[in-house]
1. Which of (1) more than 8 Å from the ligand (Cβ to nearest atom); (2) on the phi < 0 side of the Ramachandran plot; (3) not hydroxyl-bearing (S, T, Y) is the odd one out, the single condition L148 does not satisfy?
2. Would you pick out the residues in segment 315-343 that are of a type in the set (A, V, I, L, M) and more than 10 Å from the ligand (Cβ to nearest atom)?
3. Looking at (1) in a strand (DSSP E or B); (2) touching a Cys at 6+ places or on another chain (Cβ under 9 Å), which is the only condition L235 fails?
4. Would you confirm whether any residue within segment 168-178 is in contact (Cβ under 8 Å) with a residue 12 or more places away in the chain, surrounded by 24 or more Cβ atoms within 10 Å (Cβ to Cβ), in contact with a helix residue (DSSP H, G or I) (Cβ under 7 Å, 6 or more places away or on another chain) and part of a loop (DSSP other than H, G, I, E, B)?
5. Restricting the search to segment 287-330, which residues are crowded, with 17+ Cβ neighbours inside 10 Å and either at pLDDT below 95 or among the charged types (D, E, K, R) (or both)?
6. Quick test for you: out of V181, V240, V211, pick the one residue that is β-branched (V, I, T), over 19 Å from G158 (Cβ atoms) and surrounded by 22 or more Cβ atoms within 10 Å (Cβ to Cβ).
7. Could you check segment 120-149 and list, in sequence order, the residues that are touching a Pro at 6+ places or on another chain (Cβ under 9 Å) and over 13 Å from L369 (Cα atoms)?
Amino acid sequence: MNAPASNIEQLHLELPDLDWITEPNKVARLSQDFSWFSPVLKRTLAGKQGDIVCKPRTEDEIRRVAAACARRNIPLTVRGSGTGNYGQSTPLHGGVILDMSGYNAFLWARPGAARAQAGIRLGDFDTQARTMGWELRAIPSTYKTASLGGLFSGGFGGAGSINYGPIGATGNILAVRAMSVEAEPQVVELRGPDALLMHHLWGTNGLVLEVEMALAPAHPWMEMIVTFDDFDRALEFGNVLAHSPGVVKKDICLLADPVPAYLTTLAEHLTPGCHAALLIVAEFSEDAALQVIERFGGRVTYRASAEQVTATRRTLLEYMWNHTTLNALKVDKTLTYLQTTFTPGKHLDQVRLVRQLFGDEVLMHVEFLRSMDGFTTCTSLPIVRFSTEERLREIIRIFRDNGIRVNDPHTYIIEEGKAGGDLPQAVVDLKRKLDPHGLLNPGKMRAWAVPG
Ligand SMILES: Cc1cc2nc3c(=O)[nH]c(=O)nc-3n(C[C@H](O)[C@H](O)[C@H](O)COP(=O)(O)OP(=O)(O)OC[C@H]3O[C@@H](n4cnc5c(N)ncnc54)[C@H](O)[C@@H]3O)c2cc1C
């Protein structure tokens with residue numbers, strides 16, 4: 001369904017006052033995200049890119065682009081900061097890339113809630129919210145660059161999910177303001193469950209203009225590395241700390257040997273062969289956390305106060321979640337990863353089972369969090385020593401055969417990833433309403449076939 005080059009030229013000529021990027025190298029760069037973590041996506045997305053990039057700064061500019069694309073039948077793919085992992089903002093059918101980074105105003109905050117334009121960086125959002133003593137409930141490890149619209153449309157959660165679960169859990173996302181792609185674009189305000197119909201849909205069923213998020217109290221967060229000789233002790237430690245209601249924390253990340261060895265810039269704090277817990281804890285809970293560390297024989301090898309973290313902007317969060325994978329890939333480009341969800345109550349046994357089943361082929365990286373239903377459990381982003389795509393598929397099958405859910409990160413089809421199957425009819429109905437011509441990020445939603 002790629003639009004003819006002449007259509008793109010006419011679009012450019014029709015809206016000369018907008019900020020366009022046409023230089024092929026820049027367009028190619030802005031067509032990419034971090035899908036190269038997956039050897040499968042690297043292959044399947046090779047050569048896919050947009051034809052032109054537009055960087056709007058106002059709602060009116062977004063409206064004019066959306067209307068012109070609808071009239072000329074040009075595909076439109078939204079980009080926040082391009083830190084997604086599944087080629088989510090890589091256009092499969094060319095067209096316009098709408099770079100939302102210039103549409104980034106913080107709109108308002110009140111106790112427990114705040115709203116901003118979609119292109120705002122999460123770090124900037126938090127800086128604003130903190131002036132009132134609040135912060136985002138869950139942030140990805142890419143928070144310094146990732147956008148609010150990108151988190152809503154393509155993200156899951158991260159630091160803070162140990163308290164509030166994934167961002168898609170009821171009550172975390174309060175509302176969105178969205179625009180349709182039609183000759184006369186409509187703007188809708190969706191609240192509560194209606195807003196969630198656009199969550200993690202990769203910009204396929206509407207252009208997100210603004211997002212309103214529920215907030216958490218902002219605490220002074222200190223950081224620690226704790227090492228263990230024995231993986232089981234480390235795992236039990238993480239689980240007990242996660243379940244300790246009186247210890248206020250923001251992240252517990254557990255890395256089994258040999259994963260810590262990939263964090264080369266932290267090498268001085270990681271003894272060879274150790275298993276490591278990376279912690280973000282409220283400063284006033286440090287003593288309580290130390291009691292749990294002592295109980296399990298952990299050794300604190302690194303400590304940074306909240307003030308030091310803020311002053312240096314150096315945070316252990318950039319070694320957690322998919323930053324662990326990024327750091328490992330810097331050392332060994334042949335590695336890849338998976339995303340799995342464990343069953344609350346069985347989660348520790350499932351982690352042990354994975355280690356037993358795969359040994360040195362699947363290296364354990366665990367993140368503790370609360371499930372959608374509020375149970376404290378863990379998820380994992382294990383690092384996989386990649387051999388072939390067939391073996392990768394087999395590993396995924398073995399996980400699933402053992403009752404462990406895998407959110408496949410090696411696909412660009414929404415239904416095959418975290419969605420884990422057919423999309424609810426209400427999601428497709430919303431697409432019909434806000435993208436009746438199927439121009440938004442075409443080819444990613446299996447429920448909406450792209451005309452040949
Ligand atoms: C090293 C690394 C670590 C990561 N860690 C985490 C993590 O801890 N937790 C997590 O959840 N994710 C993580 N991610 C994935 C990603 O960084 C986050 O999901 C992030 O929030 C995406 O934001 P972005 O602005 O970069 O989105 P983009 O990649 O630009 O876009 C993501 C999707 O949202 C769509 N989109 C963006 N803006 C809009 C809009 N305004 N309207 C409609 N659709 C839109 C895009 O089309 C695309 O489909 C990680 C990625 C990397 C590379």
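The values are calculated or read from the model by the stated rules, or taken from the named source; none is laboratory data. Fair warning: this is a prediction, and the values are worked out from it, not measured in the lab. Cβ sites come from the backbone with ideal geometry, for glycine too, and all protein chains shown count toward neighbours.
1. The failed condition is (1).
2. Within segment 315-343, the subset of a type in the set (A, V, I, L, M) is 316-317, 320, 326, 328-329, 331, 335, 338.
Across segment 315-343, the qualifying residues are L316, A328, V331, L335, L338.
3. Only one criterion is unmet by L235, namely (1).
4. Within segment 168-178, not a single residue is in contact (Cβ under 8 Å) with a residue 12 or more places away in the chain, surrounded by 24 or more Cβ atoms within 10 Å (Cβ to Cβ), in contact with a helix residue (DSSP H, G or I) (Cβ under 7 Å, 6 or more places away or on another chain) and part of a loop (DSSP other than H, G, I, E, B).
5. E318, the sole residue that qualifies.
6. Values: V240 fails: surrounded by 22 or more Cβ atoms within 10 Å (Cβ to Cβ); V211 fails: over 19 Å from G158 (Cβ atoms).
Being β-branched (V, I, T), over 19 Å from G158 (Cβ atoms) and surrounded by 22 or more Cβ atoms within 10 Å (Cβ to Cβ) holds for just one of V181, V240, V211, which is V181.
7. Passing the criteria: L122, M132, G133, W134, E135, A146.
Conditions (1) farther than 30 Å from T336 by Cβ; (2) not assigned by TED's automatic domain parsing to the domain that holds A46, marked per residue:
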{"residue": "H93", "(1), (2)": "no, no"}
{"residue": "A113", "(1), (2)": "yes, yes"}
{"residue": "E135", "(1), (2)": "yes, yes"}
{"residue": "L151", "(1), (2)": "no, yes"}
